[in-house]
């Protein structure tokens with residue numbers, strides 16, 4: 001129950017880093033697509 | 001399909017943002033009068049960065065910061081500001097303040113807030129000189145007490161000997177800015193790690209030790225060479241002064257384009273670690289207040305206790321580990337961005353790219369300092385008014401200001417938060433601009449330059465989120 005009781009702290013902390021995760025996902029997907037297309041670098 | 005996913009995400013965000021803070025031990029802590037939760041500011045800041053990145057890619061197709069457009073101010077202003085009299089006066093003021101720090105630290109009360117030394121060193125000097133450098137340029141060079149004493153000693157010695165002094169040793173290129181990085185680490189350790197680092201006696205003793213090391217190094221390598229590369233505070237404030245629109249060239253003072261002072265920064269060895277140290281030490285200062293650190297630190301301290309350290313030294317060792325971890329995290333993030341930029345092509349080595357883009361970290365360092373220490377400077381800085389009258393804390397009143405007090409109503413919590421978010425965003429947009437401009441200079445195609453910056457944008461988003469999270473931790 002302790003993690004739930006302190007959810008106010010860690011949920012808020014995680015929320016700050018959602019843009020980073022979102023950006024990394026976008027970057028990863030973009031790079032995968034580029035590789036699949038076989039675009040010369 | 002995409003529209004549906006976006007709508008679902010937007011709905012989830014709206015529900016999360018608008019839902020009341022329930023079922024938590026301490027509540028979701030935030031300033032009650034903000035219109036949206038604090039973390040949503042982080043999302044907005046990230047959005048501003050992405051929009052700025054796109055705008056730069058579209059509207060900034062050519063490098064513009066290679067030319068600084070320096071234009072001299074009227075000659076008499078330059079002559080006055082760079083005159084020998086002003087140089088001597090500023091140097092004497094610096095030496096006087098250095099003396100007051102040592103005197104008050106050794107002879108005054110040992111209550112940190114009632115003694116001139118800790119407030120002057122940690123607030124007025126370390127933090128207050130940063131905005132002064134950003135606005136007025138490399139002011140510390142004129143006030144640097146070690147440089148003033150070194151130059152005065154050299155002048156007296158050469159006059160007494162009636163001959164030129166022997167030439168100093170050549171400053172080793174491989175040392176670069178490493179000594180300055182070590183100095184900043186030492187200062188951060190004193191401030192954030194050492195138990196009783198704010199004790200006036202400790203501050204005075206550290207000042208004397210640092211002065212002795214500096215004088216020996218100046219004697220070996222020359223006053224100017226050591227001031228330019230090795231003396232930690234000269235290098236630290238010089239980096240910030242590169243953001244200033246004012247620059248001295250010889251006997252003239254002039255105005256240059258915004259941000260154009262940073263691209264010429266020579267990335268000698270130790271520059272990247274130095275800037276990582278600058279950002280990392282502020283990061284640790286913020287993180288040390290976070291629940292995540294306060295729950296981990298005792299376990300690390302227990303480990304050091306099991307090695308035989310006393311409880312006090314074990315906790316210091318734990319904090320030193322935390323400080324190093326914060327610096328390494330910042331360094332690692334930057335190197336990750338560089339490694340990602342390499343995958344974009346261009347054939348540059350990682351070290352070449354790391355040196356090429358390091359100047360873009362300086363506005364981030366400024367954003368971290370400005371946002372994190374804003375309230376400390378605003379409130380604690382006022383202490384200088386009564387401490388100037390009573391530096392020893394013994395009841396004296398030299399200037400009649402000993403009875404003044406700190407006005408905590410200077411800025412409200414909400415206004416402070418908006419300023420902090422503003423500093424963080426402005427600093428990171430400036431960093432993006434510098435990195436984009438440098439990429440355009442490095443790569444032969446604009447498209448390649450932009451693609452290389454995807455990862456750097458990721459690093460900036462990460463630093464932005466980290467900065468705002470750290471600020472929020474100070475409120476929990």
Selection status of residue B:387, at pLDDT 95 or above, more than 26 Å from residue B:274 (Cβ to Cβ) and either assigned to a loop (DSSP other than H, G, I, E, B) or assigned by TED's automatic domain parsing to the domain that holds residue B:449 (or both): yes
Filter result (crowded, with 16+ Cβ neighbours inside 10 Å and either part of a loop (DSSP other than H, G, I, E, B) or without any contact (Cβ under 8 Å) to a residue 12 or more places away in the chain (or both)) within the stretch B:195-205: B:197, B:198, B:199
Filter result for residue B:457 (within 12 Å of chain A (Cβ to nearest Cβ) and within 25 Å of residue B:60 (Cα to Cα)): yes
Within the stretch B:143-162, tally of residues that are more than 30 Å from residue B:128 (Cα to Cα) and in a loop (DSSP other than H, G, I, E, B): 1
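Search the stretch A:22-41 for residues being at the interface with chain B (Cβ under 7 Å from one of its Cβ atoms) and at pLDDT 80 or above, and hand back the single one that is farthest from the chain's Cα centre (by Cα).
A:27
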Check on residue B:243, in contact with a helix residue (DSSP H, G or I) (Cβ under 7 Å, 6 or more places away or on another chain), surrounded by 15 or more Cβ atoms within 10 Å (Cβ to Cβ), free of Cβ contacts under 8 Å to residues at least 40 places away in the same chain and part of a loop (DSSP other than H, G, I, E, B): no
Checking residue B:143 against (1) without any contact (Cβ under 8 Å) to a residue 60 or more places away in the chain; (2) over 15 Å from residue B:215 (Cβ atoms); (3) surrounded by fewer than 20 Cβ atoms within 10 Å (Cβ to Cβ), the condition it does not meet: (3)
Selected residue (only one of B:413, B:350 is surrounded by fewer than 15 Cβ atoms within 10 Å (Cβ to Cβ), over 22 Å from the mean Cα position of the chain (by Cα) and touching a residue at least 40 places away in the same chain (Cβ under 8 Å)): B:413
Residue selected from the stretch B:290-345 under the condition surrounded by 14 or more Cβ atoms within 10 Å (Cβ to Cβ) and not in a helix (DSSP H, G or I), by the criterion nearest to the other protein chains (Cβ to nearest Cβ): B:345
Residue B:422 vs. criteria out of contact with any helix residue (DSSP H, G or I) (no Cβ under 8 Å at 6 or more places or on another chain), away from chain A (no Cβ under 14 Å) and outside any helix (DSSP H, G or I): no
Flag if residue B:165 is outside any helix (DSSP H, G or I) and farther than 30 Å from residue B:68 by Cα: yes
Among (1) within 24 Å of residue B:182 (Cα to Cα); (2) assigned by TED's automatic domain parsing to the domain that holds residue B:437; (3) touching a residue at least 60 places away in the same chain (Cβ under 8 Å), the one test that residue B:208 misses: (2)
Sole residue being modelled with pLDDT of 90 or more, within 14 Å of chain A (Cβ to nearest Cβ) and more than 16 Å from residue B:376 (Cα to Cα), chosen from B:464, B:401: B:464
Residues being out of contact with any helix residue (DSSP H, G or I) (no Cβ under 7 Å at 6 or more places or on another chain) and part of a loop (DSSP other than H, G, I, E, B) - total across the stretch B:111-142: 1
All positions within the stretch A:1-21 that are in a helix (DSSP H, G or I), within 8 Å of another protein chain (Cβ to nearest Cβ) and at pLDDT 85 or above: A:15, A:16, A:18, A:19, A:20
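Consider residue B:396 carefully, then state whether it is assigned to a loop (DSSP other than H, G, I, E, B) and either more than 18 Å from the chain's Cα centre (by Cα) or not assigned by TED's automatic domain parsing to the domain that holds residue B:127 (or both).
On the way: assigned to a loop (DSSP other than H, G, I, E, B): yes; either more than 18 Å from the chain's Cα centre (by Cα) or not assigned by TED's automatic domain parsing to the domain that holds residue B:127 (or both): yes.
When the stated conditions are applied, residue B:396 passes them.
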Residue B:446 closer than 16 Å to residue B:54 by Cα, crowded, with 24+ Cβ neighbours inside 10 Å and more than 14 Å from chain A (Cβ to nearest Cβ): no
In the stretch B:24-46, the residues that are at pLDDT 75 or above, more than 8 Å from chain A (Cβ to nearest Cβ) and either in a loop (DSSP other than H, G, I, E, B) or surrounded by fewer than 13 Cβ atoms within 10 Å (Cβ to Cβ) (or both): B:36
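The values are calculated or read from the model by the stated rules, or taken from the named source; none is laboratory data. In this text, all values refer to a predicted model and were calculated from it rather than measured experimentally. When we count neighbours, we look across all protein chains shown, and the Cβ atoms used for this are built from the backbone with ideal geometry, even at glycine.
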